[in-house]
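J.: Below are the C-alpha coordinates for one structure; questions will follow.
The values are calculated or read from the model by the stated rules, or taken from the named source; none is laboratory data. Keep in mind that what you see is a predicted model, and the values were worked out from it rather than measured. Glycine gets a Cβ as well: all are built from the backbone with ideal geometry, and neighbour counts include every protein chain shown. In case anyone asks, the SASA skips ligands and DNA or RNA and just uses the protein heavy atoms, side chains included. Shrake-Rupley method; radii C 1.70, N 1.55, O 1.52, S 1.80 Å.
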Amino acid sequence: SELIKPYLGSKYKLTEVPKSLIFYMSKHSGPVNEIEWCPVREQSHMLLSASMDKTVKVWDAVDTGCCLRTYSCHSCAVRAARWSSCGRRILSGGFDSMLHLTDVETGKQIFSSKNEFRISALKFHPAESNIFICGGFSPEVKAWDIRTSKVLRVYKAAVQQTLDILFLPEGREFLTSTDAVSRDSADRTVIAWDFQSAAKISNQIFHERYTCPSLTLHPKEPVFVAQTNGNYMALFSAQRPYRINKKKRYEGHKVEGFAVGCEFSPDGTLLVTGSSDGKVFFYNYHTARIIRTLSAHKEACVSAIFHPVLPSLLATCDWAGGIKIWQ
(Lines give C-alpha, C1' and ligand atoms only; values in the text may rest on other atoms or scores of the structure.)
Protein backbone atom coordinates (compact mmCIF):
# COMPACT_ATOMS: atom_id res chain seq x y z
CA SER A 1 0.00 0.00 0.00
CA GLU A 2 1.32 3.41 -1.03
CA LEU A 3 -0.39 4.99 1.97
CA ILE A 4 1.48 2.80 4.44
CA LYS A 5 4.96 3.00 2.80
CA PRO A 6 5.99 6.41 4.22
CA TYR A 7 5.25 5.19 7.77
CA LEU A 8 7.17 1.91 7.61
CA GLY A 9 10.60 3.31 8.38
CA SER A 10 9.51 5.90 10.90
CA LYS A 11 8.53 5.58 14.52
CA TYR A 12 4.83 5.40 15.35
CA LYS A 13 3.61 8.92 16.01
CA LEU A 14 1.15 9.90 18.71
CA THR A 15 -2.28 8.36 18.16
CA GLU A 16 -4.99 10.81 17.22
CA VAL A 17 -8.68 10.15 17.71
CA PRO A 18 -10.25 9.60 14.27
CA LYS A 19 -12.96 12.01 13.21
CA SER A 20 -14.26 11.01 9.78
CA LEU A 21 -15.50 7.89 8.00
CA ILE A 22 -13.39 6.70 5.04
CA PHE A 23 -14.94 3.34 4.08
CA TYR A 24 -18.15 1.50 4.90
CA MET A 25 -17.79 -2.18 3.96
CA SER A 26 -20.95 -4.26 4.08
CA LYS A 27 -20.50 -7.58 2.28
CA HIS A 28 -21.20 -9.73 5.38
CA SER A 29 -24.79 -10.94 5.70
CA GLY A 30 -24.54 -11.60 9.46
CA PRO A 31 -22.97 -10.00 12.54
CA VAL A 32 -19.18 -9.48 12.43
CA ASN A 33 -17.62 -11.14 15.49
CA GLU A 34 -13.99 -10.17 15.11
CA ILE A 35 -11.65 -8.02 13.00
CA GLU A 36 -7.85 -7.95 12.93
CA TRP A 37 -5.23 -5.99 10.94
CA CYS A 38 -2.53 -8.07 9.25
CA PRO A 39 0.46 -8.18 11.65
CA VAL A 40 3.04 -7.87 8.83
CA ARG A 41 3.66 -4.11 8.65
CA GLU A 42 4.12 -4.07 4.85
CA GLN A 43 0.80 -5.87 4.39
CA SER A 44 -1.12 -4.10 7.12
CA HIS A 45 -3.58 -2.61 4.60
CA MET A 46 -5.34 -5.99 4.89
CA LEU A 47 -8.09 -6.48 7.45
CA LEU A 48 -9.49 -9.86 8.45
CA SER A 49 -13.12 -10.32 9.53
CA ALA A 50 -15.01 -13.29 10.97
CA SER A 51 -18.79 -13.39 10.79
CA MET A 52 -21.92 -15.22 11.88
CA ASP A 53 -22.64 -15.63 8.13
CA LYS A 54 -20.18 -18.62 8.19
CA THR A 55 -17.46 -16.72 6.28
CA VAL A 56 -14.08 -15.14 6.85
CA LYS A 57 -13.18 -12.19 4.62
CA VAL A 58 -9.99 -10.25 3.86
CA TRP A 59 -10.35 -6.58 2.90
CA ASP A 60 -8.13 -3.88 1.51
CA ALA A 61 -9.20 -1.55 4.30
CA VAL A 62 -6.64 1.22 3.64
CA ASP A 63 -6.62 1.99 -0.12
CA THR A 64 -9.89 0.83 -1.67
CA GLY A 65 -12.30 -0.54 0.96
CA CYS A 66 -12.83 -3.60 -1.27
CA CYS A 67 -13.27 -7.21 -0.22
CA LEU A 68 -10.22 -9.08 -1.58
CA ARG A 69 -11.29 -12.61 -0.77
CA THR A 70 -14.00 -14.64 0.98
CA TYR A 71 -13.25 -17.97 2.66
CA SER A 72 -16.23 -20.29 3.15
CA CYS A 73 -14.74 -23.36 4.83
CA HIS A 74 -17.07 -23.31 7.88
CA SER A 75 -20.60 -24.71 8.01
CA CYS A 76 -21.68 -22.55 10.99
CA ALA A 77 -20.92 -19.10 12.43
CA VAL A 78 -17.22 -18.20 12.57
CA ARG A 79 -16.59 -16.89 16.07
CA ALA A 80 -12.80 -16.39 15.94
CA ALA A 81 -10.20 -15.77 13.23
CA ARG A 82 -6.54 -14.77 13.52
CA TRP A 83 -3.70 -13.93 11.16
CA SER A 84 -0.56 -16.04 11.45
CA SER A 85 2.54 -13.98 12.28
CA CYS A 86 3.81 -14.33 8.68
CA GLY A 87 0.53 -12.91 7.29
CA ARG A 88 0.16 -15.78 4.81
CA ARG A 89 -2.30 -17.91 6.75
CA ILE A 90 -5.57 -17.47 8.61
CA LEU A 91 -6.61 -19.58 11.56
CA SER A 92 -10.37 -19.77 12.10
CA GLY A 93 -12.74 -21.55 14.47
CA GLY A 94 -16.47 -21.59 14.80
CA PHE A 95 -19.70 -23.06 16.04
CA ASP A 96 -19.23 -26.06 13.70
CA SER A 97 -16.40 -27.10 16.11
CA MET A 98 -13.97 -27.00 13.17
CA LEU A 99 -10.49 -25.49 13.18
CA HIS A 100 -9.09 -24.42 9.81
CA LEU A 101 -5.73 -22.98 8.85
CA THR A 102 -6.19 -21.46 5.40
CA ASP A 103 -3.61 -20.27 2.88
CA VAL A 104 -4.53 -16.63 2.20
CA GLU A 105 -3.54 -16.69 -1.49
CA THR A 106 -4.84 -20.08 -2.62
CA GLY A 107 -7.74 -20.41 -0.17
CA LYS A 108 -6.73 -24.03 0.48
CA GLN A 109 -6.78 -25.56 3.96
CA ILE A 110 -3.28 -26.32 5.25
CA PHE A 111 -4.69 -27.86 8.40
CA SER A 112 -8.23 -28.81 9.41
CA SER A 113 -9.38 -30.54 12.53
CA LYS A 114 -12.64 -31.33 14.26
CA ASN A 115 -12.54 -30.03 17.80
CA GLU A 116 -14.62 -31.51 20.63
CA PHE A 117 -16.41 -28.24 21.33
CA ARG A 118 -17.70 -25.10 19.65
CA ILE A 119 -14.91 -22.55 19.38
CA SER A 120 -15.16 -18.99 20.66
CA ALA A 121 -11.52 -17.90 21.17
CA LEU A 122 -8.21 -18.47 19.35
CA LYS A 123 -4.76 -16.99 20.00
CA PHE A 124 -1.36 -17.73 18.48
CA HIS A 125 1.58 -18.09 20.87
CA PRO A 126 3.61 -14.83 20.72
CA ALA A 127 7.00 -16.59 20.48
CA GLU A 128 6.15 -19.92 18.82
CA SER A 129 4.32 -19.25 15.56
CA ASN A 130 3.21 -22.89 15.06
CA ILE A 131 1.36 -23.08 18.35
CA PHE A 132 -2.07 -21.69 19.16
CA ILE A 133 -4.57 -21.91 21.99
CA CYS A 134 -8.22 -22.69 21.45
CA GLY A 135 -11.12 -22.20 23.85
CA GLY A 136 -14.88 -22.33 23.66
CA PHE A 137 -17.95 -24.09 25.01
CA SER A 138 -16.03 -26.49 27.24
CA PRO A 139 -14.23 -26.59 30.60
CA GLU A 140 -11.02 -27.30 28.66
CA VAL A 141 -8.67 -25.00 26.81
CA LYS A 142 -6.26 -26.65 24.35
CA ALA A 143 -2.85 -25.81 22.93
CA TRP A 144 -2.38 -27.13 19.38
CA ASP A 145 0.71 -27.60 17.21
CA ILE A 146 0.04 -26.87 13.53
CA ARG A 147 3.03 -28.96 12.36
CA THR A 148 1.67 -32.20 13.87
CA SER A 149 -2.07 -31.27 13.78
CA LYS A 150 -2.22 -32.51 17.36
CA VAL A 151 -3.18 -31.17 20.78
CA LEU A 152 -0.03 -30.40 22.77
CA ARG A 153 -1.58 -29.65 26.12
CA VAL A 154 -4.95 -29.44 27.83
CA TYR A 155 -5.77 -26.85 30.49
CA LYS A 156 -8.66 -27.88 32.72
CA ALA A 157 -10.88 -25.31 34.37
CA ALA A 158 -14.13 -25.96 36.23
CA VAL A 159 -16.12 -23.66 33.95
CA GLN A 160 -18.60 -23.98 31.11
CA GLN A 161 -17.12 -21.60 28.55
CA THR A 162 -13.95 -19.69 27.71
CA LEU A 163 -14.74 -16.19 26.47
CA ASP A 164 -11.26 -14.86 25.65
CA ILE A 165 -7.56 -15.78 25.81
CA LEU A 166 -4.66 -13.40 26.39
CA PHE A 167 -0.97 -14.28 26.27
CA LEU A 168 1.27 -12.30 28.59
CA PRO A 169 4.61 -11.05 27.15
CA GLU A 170 6.96 -13.88 26.01
CA GLY A 171 4.13 -16.41 26.26
CA ARG A 172 5.19 -18.25 29.41
CA GLU A 173 1.84 -17.43 30.96
CA PHE A 174 -1.62 -16.75 29.58
CA LEU A 175 -5.00 -15.69 30.91
CA THR A 176 -8.46 -17.01 30.12
CA SER A 177 -11.72 -15.24 30.90
CA THR A 178 -14.65 -17.53 31.57
CA ASP A 179 -18.37 -17.49 32.23
CA ALA A 180 -17.93 -18.81 35.80
CA VAL A 181 -19.76 -16.41 38.07
CA SER A 182 -21.30 -17.77 41.24
CA ARG A 183 -23.76 -15.85 43.36
CA ASP A 184 -21.31 -14.88 46.10
CA SER A 185 -18.11 -14.25 44.13
CA ALA A 186 -16.52 -14.57 40.75
CA ASP A 187 -13.48 -16.71 41.37
CA ARG A 188 -12.35 -18.37 38.14
CA THR A 189 -13.72 -15.45 36.08
CA VAL A 190 -10.13 -14.70 35.02
CA ILE A 191 -7.63 -17.56 35.32
CA ALA A 192 -3.85 -17.33 34.90
CA TRP A 193 -2.07 -20.42 33.50
CA ASP A 194 1.50 -21.59 33.17
CA PHE A 195 1.79 -22.37 29.45
CA GLN A 196 4.37 -25.20 29.75
CA SER A 197 3.13 -27.10 32.79
CA ALA A 198 -0.62 -26.42 32.25
CA ALA A 199 -0.83 -25.55 35.96
CA LYS A 200 -3.22 -22.90 37.22
CA ILE A 201 -1.23 -19.98 38.64
CA SER A 202 -4.23 -18.09 39.99
CA ASN A 203 -8.00 -18.02 39.76
CA GLN A 204 -8.48 -15.28 42.36
CA ILE A 205 -7.82 -12.31 40.08
CA PHE A 206 -11.19 -10.64 39.57
CA HIS A 207 -13.70 -10.72 42.43
CA GLU A 208 -16.71 -8.84 41.08
CA ARG A 209 -19.81 -10.58 39.83
CA TYR A 210 -19.34 -9.90 36.14
CA THR A 211 -18.02 -12.00 33.31
CA CYS A 212 -15.28 -10.49 31.14
CA PRO A 213 -15.94 -10.94 27.41
CA SER A 214 -12.52 -9.62 26.34
CA LEU A 215 -8.98 -9.04 27.58
CA THR A 216 -6.26 -6.79 26.15
CA LEU A 217 -2.61 -6.14 26.96
CA HIS A 218 -0.94 -2.73 27.19
CA PRO A 219 1.77 -2.43 24.48
CA LYS A 220 4.41 -0.90 26.79
CA GLU A 221 3.50 -1.34 30.45
CA PRO A 222 3.01 -4.61 32.39
CA VAL A 223 -0.77 -4.21 32.69
CA PHE A 224 -3.88 -5.63 31.04
CA VAL A 225 -7.51 -4.59 30.84
CA ALA A 226 -10.61 -6.76 31.17
CA GLN A 227 -13.87 -5.70 29.55
CA THR A 228 -16.67 -6.55 31.99
CA ASN A 229 -20.40 -7.08 31.69
CA GLY A 230 -20.71 -4.46 34.43
CA ASN A 231 -20.30 -1.80 31.71
CA TYR A 232 -16.74 -0.88 32.69
CA MET A 233 -13.19 -1.97 31.95
CA ALA A 234 -10.97 -3.01 34.86
CA LEU A 235 -7.18 -2.57 34.94
CA PHE A 236 -4.86 -5.27 36.32
CA SER A 237 -1.14 -5.87 36.77
CA ALA A 238 0.19 -8.35 34.17
CA GLN A 239 2.66 -9.66 36.75
CA ARG A 240 1.90 -12.01 39.61
CA PRO A 241 -0.30 -11.78 41.63
CA TYR A 242 -2.18 -9.86 38.86
CA ARG A 243 -3.75 -7.33 41.25
CA ILE A 244 -6.62 -5.12 40.17
CA ASN A 245 -6.05 -1.36 40.15
CA LYS A 246 -8.90 -0.09 42.30
CA LYS A 247 -8.17 3.55 41.50
CA LYS A 248 -8.90 3.26 37.79
CA ARG A 249 -12.10 2.17 36.10
CA TYR A 250 -12.99 2.96 32.51
CA GLU A 251 -16.76 3.43 32.43
CA GLY A 252 -19.39 5.10 30.28
CA HIS A 253 -19.85 2.58 27.47
CA LYS A 254 -22.33 -0.31 27.50
CA VAL A 255 -21.63 -4.04 27.10
CA GLU A 256 -25.04 -5.63 27.81
CA GLY A 257 -24.13 -9.22 27.02
CA PHE A 258 -22.29 -8.57 23.74
CA ALA A 259 -18.70 -9.76 23.34
CA VAL A 260 -17.48 -6.17 23.08
CA GLY A 261 -13.76 -5.96 22.38
CA CYS A 262 -11.34 -3.36 23.75
CA GLU A 263 -7.80 -2.42 22.73
CA PHE A 264 -4.97 -0.01 23.49
CA SER A 265 -3.59 2.30 20.81
CA PRO A 266 -0.08 1.22 19.65
CA ASP A 267 1.52 4.07 21.63
CA GLY A 268 -0.38 3.03 24.76
CA THR A 269 -1.98 6.43 25.39
CA LEU A 270 -5.58 5.54 24.49
CA LEU A 271 -7.93 2.73 25.38
CA VAL A 272 -10.69 2.20 22.83
CA THR A 273 -13.83 0.10 23.13
CA GLY A 274 -17.01 -0.59 21.24
CA SER A 275 -20.39 -0.26 22.93
CA SER A 276 -23.70 -2.10 22.66
CA ASP A 277 -25.40 1.17 21.64
CA GLY A 278 -23.19 1.38 18.52
CA LYS A 279 -20.80 4.02 19.81
CA VAL A 280 -17.00 3.88 20.12
CA PHE A 281 -15.45 5.27 23.31
CA PHE A 282 -11.91 6.63 23.55
CA TYR A 283 -10.45 6.77 27.07
CA ASN A 284 -7.25 8.41 28.26
CA TYR A 285 -5.33 5.40 29.59
CA HIS A 286 -3.68 7.38 32.43
CA THR A 287 -6.68 9.34 33.73
CA ALA A 288 -9.47 6.89 32.73
CA ARG A 289 -11.47 9.86 31.42
CA ILE A 290 -13.49 9.69 28.19
CA ILE A 291 -11.71 11.79 25.54
CA ARG A 292 -14.34 11.38 22.84
CA THR A 293 -17.18 9.19 21.68
CA LEU A 294 -17.90 8.34 18.06
CA SER A 295 -21.45 7.51 16.94
CA ALA A 296 -20.16 4.76 14.69
CA HIS A 297 -22.96 2.23 14.17
CA LYS A 298 -26.71 1.82 14.59
CA GLU A 299 -26.32 -1.69 16.04
CA ALA A 300 -23.91 -2.91 18.73
CA CYS A 301 -20.27 -2.12 17.93
CA VAL A 302 -18.34 -5.22 19.03
CA SER A 303 -14.82 -4.27 18.01
CA ALA A 304 -12.69 -1.17 17.49
CA ILE A 305 -9.01 -1.58 16.60
CA PHE A 306 -6.27 0.90 15.77
CA HIS A 307 -4.05 0.32 12.74
CA PRO A 308 -0.55 -0.88 13.78
CA VAL A 309 1.30 1.61 11.52
CA LEU A 310 -0.98 4.52 10.56
CA PRO A 311 -1.40 6.73 13.64
CA SER A 312 -5.11 7.57 13.54
CA LEU A 313 -6.71 4.85 11.41
CA LEU A 314 -9.39 2.82 13.19
CA ALA A 315 -11.50 -0.16 12.09
CA THR A 316 -14.87 -0.88 13.72
CA CYS A 317 -17.47 -3.60 13.15
CA ASP A 318 -21.05 -4.18 14.19
CA TRP A 319 -23.85 -6.63 14.83
CA ALA A 320 -25.54 -5.71 11.53
CA GLY A 321 -22.58 -7.05 9.52
CA GLY A 322 -20.93 -3.72 8.71
CA ILE A 323 -17.25 -2.73 8.96
CA LYS A 324 -16.19 0.92 9.00
CA ILE A 325 -12.77 2.54 8.62
CA TRP A 326 -12.20 5.90 10.33
CA GLN A 327 -9.46 8.51 10.23
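J.: What residues have an amide H closer than 5 Å to that of N245, excluding those fewer than 5 places away on the same chain, when H is modeled at 1.01 Å from N in the peptide plane?
T.: Amide H to amide H, under 5 Å and 5 or more residues apart or across chains, N245 pairs with L235, F236, S237.
J.: Label-point separation (nm) for R88 and R41, each offset 7 Å from Cα along Cα-to-Cβ?
T.: Those two pseudo-labels are separated by 2.1 nm.
J.: Can you give me the distance in nm between label points at T287 and D60, each placed 7 Å from the Cα along the Cα-to-Cβ direction?
T.: 4.1
J.: May I pose another question? Under 5 Å between amide H atoms, partner at least 5 residues away or on a different chain: which partners does F23 have, H built in plane at 1.01 Å?
T.: Excluding prolines and chain starts, which carry no amide H, the hits are I325.
J.: Using only the alpha carbon atoms of the chain, find the Kirkwood hydrodynamic radius as the inverse mean reciprocal pair distance, in angstroms to one decimal.
T.: Taking the inverse mean of 1/r over all distinct Cα pairs, the chain comes out at 19.6 Å.
J.: Can you work out the Karplus-derived ³J(HN,Hα) for every residue in segment 227-237? Use 6.51 cos²θ - 1.76 cosθ + 1.60 with θ = phi - 60°, whole Hz, and x for glycine or proline.
T.: Residue by residue, segment 227-237 yields 6, 10, 6, x, 6, 7, 10, 9, 9, 10, 6 Hz.
J.: Rolling a 1.4 angstrom probe over the protein chains, ignoring ligands and nucleic acids, what is the accessible area of S295 in square angstrom, nearest 10?
T.: 100
J.: Could you pull out the pairs from K27/K123; K57/K298; K150/K254; K19/K108 whose alpha carbons sit more than 29 Å apart here?
T.: K150/K254; K19/K108
J.: Now for a separate question. So what is the diffusion coefficient of segment 39-160 in µm² per second by Stokes-Einstein at 37 °C and 0.692 mPa s, using a Kirkwood Rh over Cα pairs?
T.: 224
J.: Using only protein heavy atoms and a 1.4 Å probe, report how much of K150 is accessible, in Å² to the nearest 10.
T.: Estimated to the nearest 10 Å², K150 gives 130 Å².
J.: Further question: Take the alpha-carbon centre of segment 2-27, take the same for segment 219-266, and report the distance between them in whole Å.
T.: 25
J.: Cα atoms only: what Rg and Dmax, in Å, come out for segment 96-250?
T.: Just the Cα atoms of segment 96-250 yield Rg and Dmax of 15.8, 52 Å.
J.: Can you work out the FRET efficiency for the pair K156 and Q109, with r the C-beta to C-beta distance and R0 = 41 Å, to the nearest 0.05?
T.: 0.90
J.: Over the chain, with every protein chain in place, what whole percent of the accessible area is carbon and sulfur at 1.4 Å, could you tell me?
T.: Carbon plus sulfur share of accessible area: 47 percent.
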